[in-house]
Amino acid sequence: MINTNIRISLPAVCFVWQIAMIVLFGVFIRYDAESDIRLWLQLKHTNNITSDIENDFYFRYPSFQDVHVMIFVGFGFLMTFLKRYSFGGVGFNFLIGAFGLQWALLMQGWFHALDPTTGKISIGVEGLINADFCVAASLIAYGALLGKVSPVQLMVVTLFGVTLFAVEEYIILNLLHCRDAGGSMVIHCFGGYYGLTISWILYRPKLHQSKRLNGSVYHSDVFAMIGTLFLWMFWPSFNSAITDHGSGQHRTAINTYIALASSVLTTVAISSASEKRGKLDMVHIQNATLAGGVAMGTAAEFMITPYGALIVGFCTGIISTFGYLFVSPFMEKYLKIQDTCGVHNLHALPGMLGGFIGAIVAAAATEEVYSREGLIETFDFEGEFADRTVGTQGGFQAAGVCVAIAFAVVGGAVVGLILRLPIWGDPADDNCFDDEVYWEVRGAFLPLDGGLQFFKSKD
Amino acid sequence: MINTNIRISLPAVCFVWQIAMIVLFGVFIRYDAESDIRLWLQLKHTNNITSDIENDFYFRYPSFQDVHVMIFVGFGFLMTFLKRYSFGGVGFNFLIGAFGLQWALLMQGWFHALDPTTGKISIGVEGLINADFCVAASLIAYGALLGKVSPVQLMVVTLFGVTLFAVEEYIILNLLHCRDAGGSMVIHCFGGYYGLTISWILYRPKLHQSKRLNGSVYHSDVFAMIGTLFLWMFWPSFNSAITDHGSGQHRTAINTYIALASSVLTTVAISSASEKRGKLDMVHIQNATLAGGVAMGTAAEFMITPYGALIVGFCTGIISTFGYLFVSPFMEKYLKIQDTCGVHNLHALPGMLGGFIGAIVAAAATEEVYSREGLIETFDFEGEFADRTVGTQGGFQAAGVCVAIAFAVVGGAVVGLILRLPIWGDPADDNCFDDEVYWEVRGAFLPLDGGLQFFKSKD
Amino acid sequence: MINTNIRISLPAVCFVWQIAMIVLFGVFIRYDAESDIRLWLQLKHTNNITSDIENDFYFRYPSFQDVHVMIFVGFGFLMTFLKRYSFGGVGFNFLIGAFGLQWALLMQGWFHALDPTTGKISIGVEGLINADFCVAASLIAYGALLGKVSPVQLMVVTLFGVTLFAVEEYIILNLLHCRDAGGSMVIHCFGGYYGLTISWILYRPKLHQSKRLNGSVYHSDVFAMIGTLFLWMFWPSFNSAITDHGSGQHRTAINTYIALASSVLTTVAISSASEKRGKLDMVHIQNATLAGGVAMGTAAEFMITPYGALIVGFCTGIISTFGYLFVSPFMEKYLKIQDTCGVHNLHALPGMLGGFIGAIVAAAATEEVYSREGLIETFDFEGEFADRTVGTQGGFQAAGVCVAIAFAVVGGAVVGLILRLPIWGDPADDNCFDDEVYWEVRGAFLPLDGGLQFFKSKD
């Protein structure tokens, strides 16, 4: 009998780690110049800022809130599709999101926002967005593990996930000087392969014993559509949240909006064509429709052109749906990778493609289209990178994809091995995908397997 | 036996139309001066714009995202109320929304944003909002057809709906020079009558054979409330999204907020008064509470005064609830119009009223209230319209309503006749309102008709 | 047999009060200088405002919409957790919210925005936010009464709740000159104790007769998570919506975001530690995770520091969860307070604590941290309060908490006594928590008590 009692381990992890956060925040984290009252007044005087509307808050806060909704309602509800794991889907997503964003503020702060003179990290609204982004990679990884791990394991996945993210992001954005505003590489590609690698290490040969629970019922599929739609609608905000003020945010939002629309049509087309009477599959509609947003994470801020965005959405909708139809079953059968939500098809693969699309679009940039000043602004060709050509930039962008995958696979393998220790309270093979293991469940479930199966009510 | 196999037709339509979009976008669509990096930098230099916050993105993007939520979550979830057609409600809304907004960018672009020298259409955030608006009319029409048509038919409804919309909008806004920011006339009145006319042409005398499915269950009504509330909350953004910067957007949001509050109380009053024990009907709460937003679509940007807005909400809440109680049954029985969601009561009628309210409020505008400059700004009395009086404006506003209805009825009749061709895979009379026809449905449904009825589980 | 027929009373209350609103709006309410076209154009000329982006609309509208979502979807769906009272939870919340915000515009207007020369109230986006805030207190009170009162009683609760709110807010903010941007004192502490006092007066010794319905089922718990997450995600907007432009809004959002993250971890820790196998309880996750937002309602705009915010969230997550575990059962058994949603643990207690935290943080403010100018801006040390020290300010802040509680208890007692009159159509003791009483319910409910219990279907 496997022990899933987490009464000691889960509270211990939550308490100790949260106290550590408080101590580290106390030592390191301070308000930045736009959120500290003294510094902001000083900044206004020094720079002759006449209006408070120039505060970065007003440029980025609406997008931040959209991103926040994607992280907690989007990812959370997308994972409610299982008939009996909706609590775990939305609830554990909530838990690890809330932990991860704190750890992300620290990790990203050390790498990106540490003031060398004071030794302090300054945070503002852009920092919050980046923390949400950072956490997104771990939530994506959760999608591959959904229903098969304990919340304590998820905390470990997130601790390492955020750490690895901060390092790979530093290498990709700072050392390689890539652009990756919406995180095709650093978020989706990394997060997807990280989760898949962990799932591969944690392979359960007898998972079929939980087969009865590894599927949806009618209303759980409707719940999942809440997640899908909030992700789909707010993806333009996700990709544009930290791009350049002005035309940068504007263009990124447009490109993402367009690409996502295109993904919907090709997803529907493939889903329908793959069933003998043309019936649509909710799994495809819930997931592959989003592939265009993932794949535009790098290129959306470039001048990819509206029809370029449409083409990206067109192709990735097809590829992602084929992934659900053929690649996932193949991976499970032959590669021993059990990917509950199909993050390979929605995040890993479209993210990797998005990285390469970004590389190509960057390499194809011209002064004619961007203007000289525009090229410099878009690609940050300043300081030590002032002489970089767009061709070189494209090469480095492509290299970034490889860095993301390398971190994901190596990091995921290490984390997976740690999670195989028999101390984490993970469920037995015949107990996966079942909220009963970690949640007090009241009243009855919906009937399963064409029969009725009730749980004792508990008022 | 009616053939509902759409395995060929649905993928074909999706693929061919999406490819057509790519080609047309390639030929016509470009970024506008605020989203193109080169043009934006140029614009800043030319016009001495010192801050990126002047980019239209920051004026309109938050409203755009609210509108986007209304289109996909609002309309989508409002249509999940049927016990067994929630997938179709939210899923087909998603499909035709995603197609329609692309086609809308083109159609509206040709009519409103075509640069005659280059032959190109410029798009920015205002274009995205307008595309969402344009699509809304077709989604409203879907409400009248819910459960009775195939997704292929819905694509046709949307193709023609967007086309007709762009033309009637051009006539109403440009030729008649009406103001209709929130689209009482161009969106709700047009969309509602368009859908009703199609439903009339597609009349199914034997629809009672699907009667068992034409209703809600407990949880599907709760899902529908998600749609209702997001529509209700974000309607101030809908009406104000493309109004004038500054006091225009501000006032429009206030007026709409106020009118909607008033509609809720009168809807509750009539709903309760119409049942023998005073019980409320979810159908009324889900729909008629929104009538104030529809009816303020034209007048909200004018100086209608806060109590004027309250009165509009008061009356339309009553009218809309009476519509559900008496007009819908009457229309079904005597006019042979089967209106699944009651779009007549929520969109067509309040939209028409909203158009006339707008006409009256426009005609009553005075320089004393608006100031001369304010009148010019509000009604765009510039260029060839510089000499138009408010009385004339009111007359043209009223004429606009008639144009919207004419396009809806004539266009709807033509589209309805096209949809009667026996090639579209629409469901049989005893198979309407059933997701089984177009979706792979897993697990069990909730019990129906006081009994239990299960579907074979399929993991 | 208790008479729950509200066919006369509910429509009468809705109609009469709505007509009263129209009359009062007609007499008192006008657009403010930023939403009136004439006044705005005048203001721009007078103050040399060069850009419409300076309109307060652009500073506050995105936050307003987030707050609006919290009021209607957040509070509404949080109250859908009961197995058979989801209609009442979300529907009556909608009704009283819509009424309350109108009455709030008037009541708050008379106290805060009445122009003494014209006798008119000016409203703009800040007024709408304040109206939503004001209504929140009555919706919180509803949480304590959920399932045990009629909608007519709720209208009365809201009428008096809004009135009391406006007066206590005037005393706290204007006379005592407290700061309470996110309303720990004026909203949460007041609203919580107001509802608890009413519930105490309306004590039902035989409520156990409805015990079978006073609990959740699987999917109603998932619905409630929609409410929880929208509250949690948008709480930074709630607290920052009416703080100072610039660094004020920015800092408040950051502090709230951080505190909320911390609450999630300690809630999970205590919830897990309190069950013998470490299983989590949805009640805790749905509610106590939000305590950090409540407790930061006063202090979030101060320079509490990021780790200070973490500590607040840490402690209140623990306290709130302990409240659900021990205080609520104690209150029900010994104090005869039946608190359906546990508003004591989520609002009353964390709100009171938040008030005192604000007092301490205010008293600890220094010129070194804020700068002289920053102190004045943050605490409005101007006019007759120019000489107030931070120590005095702290004392007044603490006094504010007492005022809020006094108003809540005395006001709640009076309202409770009024509601005991046998004219309001409230349900019998064995009929509580049941939507059948006030709603037309179609189709079947989910099985209850491990058995099956169906309602006659009604198509």
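The values are calculated or read from the model by the stated rules, or taken from the named source; none is laboratory data. Computed from a predicted structure; not experimentally measured. As a convention, Cβ positions derive from the backbone with ideal geometry for all residues, glycine included, and neighbour counts pool all protein chains shown. The protein model used for the area step is the full one, side chains on, heavy atoms only, and it has no ligands, DNA or RNA in it. Shrake-Rupley method; radii C 1.70, N 1.55, O 1.52, S 1.80 Å.
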(message) Within the range A:184-198, does at least one residue satisfy the condition of being under 21 Å from A:P427 (Cβ atoms), modelled with pLDDT under 95 and open to solvent by less than 20 Å² (accessible area, probe 1.4 Å)?
(response) no
(request) Could you look through the range C:91-120, keep only residues that are polar (S, T, N, Q) and open to solvent by less than 20 Å² (accessible area, probe 1.4 Å), and pick out the one that is farthest from C:E168 (Cα to Cα)? (result) C:N93
(request) Scan (1) surrounded by fewer than 22 Cβ atoms within 10 Å (Cβ to Cβ); (2) more than 13 Å from chain B (Cβ to nearest Cβ) for the single condition A:L349 breaks and write down its number. (result) (1)
(request) Can you tell me which residue among C:S63, C:S138, C:S122 is farther than 22 Å from C:S35 by Cβ and either touching a Pro at 6+ places or on another chain (Cβ under 7 Å) or among the polar types (S, T, N, Q) (or both)? (result) C:S138
(message) Being in contact with a Phe, Trp or Tyr (Cβ under 6 Å, 6 or more places away or on another chain), of a type in the set (A, V, I, L, M), crowded, with 24+ Cβ neighbours inside 10 Å and not in a loop (DSSP other than H, G, I, E, B): is that true of C:A259 here?
(response) no
(request) Write out, first by first residue and then by second, each pair whose Cβ atoms fall under 8 Å of each other, whose residues are 6+ apart or on separate chains, and whose first residue, in the range B:342-360, is on the phi > 0 side of the Ramachandran plot while the second is open to solvent by less than 10 Å² (accessible area, probe 1.4 Å) and among the small types (G, A, S). (result) B:G342/B:G143; B:G342/B:G323
(message) Going through B:V16, B:V23, B:V27, B:V69 one at a time, which residue ends up being out of contact with any strand residue (DSSP E or B) (no Cβ under 6 Å at 6 or more places or on another chain), of a type in the set (A, V, I, L, M), crowded, with 21+ Cβ neighbours inside 10 Å and modelled with pLDDT of 95 or more?
(response) B:V69
(request) Go through A:F111, A:F133 for me and flag whichever is closer than 30 Å to A:V283 by Cβ and either within 14 Å of chain C (Cβ to nearest Cβ) or of a type in the set (A, V, I, L, M, F, W, C) (or both). (result) A:F133
(message) Checking the structure you have, find out if any residue of the range C:262-281 is buried (at least 24 other Cβ atoms within 10 Å of the Cβ), more than 9 Å from every other protein chain (Cβ to nearest Cβ), of a type outside the set (S, T, Y) and assigned to a helix (DSSP H, G or I).
(response) no
(request) Sort out for me the helices (runs of 4 or more DSSP H) sitting completely within the range C:42-139 that have 3 or more residues that are charged (D, E, K, R). (result) C:56-69
(request) Inspect all residues belonging to the range B:79-91 and state whether any of them is facing another protein chain (nearest Cβ under 9 Å) and under 14 Å from the mean Cα position of the chain (by Cα). (result) no
(message) Looking for something of a type in the set (G, A, S) and at the interface with chain A (Cβ under 8 Å from one of its Cβ atoms) - is there at least one such residue anywhere in the range C:295-308?
(response) no
(request) Could you tell me whether C:A273 is modelled with pLDDT of 95 or more and more than 21 Å from C:V90 (Cα to Cα)? (result) yes
(message) Criterion first (assigned to a helix (DSSP H, G or I) and under 30 Å from A:Y370 (Cα atoms)) does A:G317 satisfy it?
(response) yes
(message) Taking the condition of being farther than 22 Å from C:G308 by Cβ and of a type in the set (F, W, Y), how many residues in the range C:382-408 meet it?
(response) 2
(message) Among (1) under 22 Å from A:V162 (Cβ atoms); (2) within 7 Å of chain C (Cβ to nearest Cβ); (3) within 27 Å of the chain's Cα centre (by Cα), there is one condition A:Y61 misses while meeting the rest; what is its number?
(response) (1)
(request) From the list C:G411, C:G443, pick out the single residue that is modelled with pLDDT under 90 and either surrounded by 14 or more Cβ atoms within 10 Å (Cβ to Cβ) or touching a strand residue (DSSP E or B) at 6+ places or on another chain (Cβ under 8 Å) (or both). (result) C:G443
(request) Kindly indicate the residue of the range B:229-252 that is within 7 Å of another protein chain (Cβ to nearest Cβ) and either over 22 Å from B:L78 (Cα atoms) or among the small types (G, A, S) (or both) and also most open to solvent (accessible area, probe 1.4 Å) among those meeting that condition. (result) B:H245
(request) For residues that are under 25 Å from the mean Cα position of the chain (by Cα) and more than 18 Å from B:P329 (Cβ to Cβ), tally how many sit in the range B:198-218. (result) 3
(request) Report, ordered by the first and then the second residue, all pairs with beta carbons closer than 6 Å, sequence separation of six or more or different chains, a first member in the range B:88-105 that is free of Cβ contacts under 8 Å to residues at least 60 places away in the same chain, and a second member that is of a type in the set (D, E). (result) none
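Residue by residue, here is whether (1) touching a residue at least 60 places away in the same chain (Cβ under 8 Å); (2) touching a Pro at 6+ places or on another chain (Cβ under 6 Å) holds:
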site: B:N3; (1), (2): yes, no
site: B:A12; (1), (2): no, no
site: B:Q18; (1), (2): yes, no
site: B:I22; (1), (2): no, no
site: B:I29; (1), (2): yes, yes
site: B:A33; (1), (2): yes, no
site: B:D36; (1), (2): no, no
site: B:T46; (1), (2): no, no
(request) Being in contact with a Lys or Arg (Cβ under 8 Å, 6 or more places away or on another chain) and in a helix (DSSP H, G or I) is the filter; apply it to the range B:354-385 and report the residue that is nearest to B:T256 (Cα to Cα). (result) B:G358
(request) Evaluate the following for C:V343: is it away from chain A (no Cβ under 14 Å), surrounded by 24 or more Cβ atoms within 10 Å (Cβ to Cβ), under 30 Å from C:K206 (Cβ atoms) and of a type in the set (V, I, T)? (result) yes
